[in-house]
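**Q** Input: one structure, supplied below.
The values are calculated or read from the model by the stated rules, or taken from the named source; none is laboratory data. What you see is a predicted model, and the numbers here were worked out from it, not measured in a lab. Cβ: placed from backbone, ideal geometry, glycine included. Neighbour counts: every protein chain shown. Only protein heavy atoms, including side chains, enter the accessible area calculation; ligands, DNA and RNA are left aside. Shrake-Rupley method; radii C 1.70, N 1.55, O 1.52, S 1.80 Å.
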Amino acid sequence: MMHISPPDSVPTLPELLAACQRQERLAQRRLYGQFHGFALTVCLRYARNREQALEAVNDGFLKVFRDLHRFDASRHPQDVPGSFRGWLKRIMIHTAIDHYRANERHQYQQELDDTTYNQADGGATPLDSLSYDELLALVQRLPPAYRAVFNLIVIDGFGHEEVAEQLGISVGTSKSNLFKARAHLRTMLAHTSTPSLARYVVG
């Protein structure tokens, strides 16, 4: 049982994390329930479907409980929830990418000349005006390899070198897949019948 008092109160996150480090099952269930939705949202961006995302979430939480001693709540005492969410997010991204590499890595990995990439991918596009939710809805319709690279670079802020290492591809392939992801998204925008998206189409 968690060593917190009073017994019926809701534990603070630091208390919950400390109990999880003691491998108390009730605390682990509470932490899982509290952050499951957030973790699933992250993994859904990389998975082919909800079932694959749930597998990644469960594997990710196993890593969380295994490595929780590495999370130092004292480093950010004013924002433990935000710090923990960032730490959890990184674990979920890496776990989802592990699943991606196991299932999808051989799809859609043609090289693209860097000059073509640099010429075609510059400047603002209608994609820059989309809301976060609208963009994610379109990204979910991309082929798996394009979706993975777009999510890592555009949504999660990785560089091409990091993406290449994560996915086991070349930097050129990472650039190619990002270029093609953007092209697919522009095509989807141009053909969408959803007014909230169609208004962003130019010319």
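Residue by residue, here is whether (1) of a type in the set (Val, Ile, Thr); (2) part of a helix (DSSP H, G or I) holds:
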{"site": "Cys20", "(1), (2)": "no, yes"}
{"site": "Arg30", "(1), (2)": "no, yes"}
{"site": "Val42", "(1), (2)": "yes, yes"}
{"site": "Tyr46", "(1), (2)": "no, no"}
{"site": "Asn58", "(1), (2)": "no, yes"}
{"site": "Arg66", "(1), (2)": "no, yes"}
{"site": "His99", "(1), (2)": "no, yes"}
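**Q** I'd like the full set of residues that are farther than 25 Å from Glu162 by Cα, open to solvent by 30 Å² or more (accessible area, probe 1.4 Å) and assigned to a helix (DSSP H, G or I), limited to region 75-93.
**A** If the condition is that a residue be farther than 25 Å from Glu162 by Cα, open to solvent by 30 Å² or more (accessible area, probe 1.4 Å) and assigned to a helix (DSSP H, G or I), then Arg75, Pro81 are the ones that fit.
**Q** Answer with yes or no whether Tyr108 is of a type in the set (Phe, Trp, Tyr), at pLDDT below 85, closer than 27 Å to Glu55 by Cβ and not in a helix (DSSP H, G or I). Break it down stepwise before answering.
**A** Numbers: of a type in the set (Phe, Trp, Tyr): yes; at pLDDT below 85: yes; closer than 27 Å to Glu55 by Cβ: yes; not in a helix (DSSP H, G or I): yes.
Judged against the criteria, Tyr108 is a match.
**Q** Can you report the number of residues in region 138-175 which are surrounded by 15 or more Cβ atoms within 10 Å (Cβ to Cβ) and of a type in the set (Gly, Ala, Ser)?
**A** Selection size over region 138-175: 5.
**Q** If only one of Ala47, Ala18, Ala53 is of a type in the set (A, V, I, L, M, F, W, C), open to solvent by less than 70 Å² (accessible area, probe 1.4 Å), modelled with pLDDT of 90 or more and within 28 Å of Ile155 (Cβ to Cβ), which one is it?
**A** It is Ala53.
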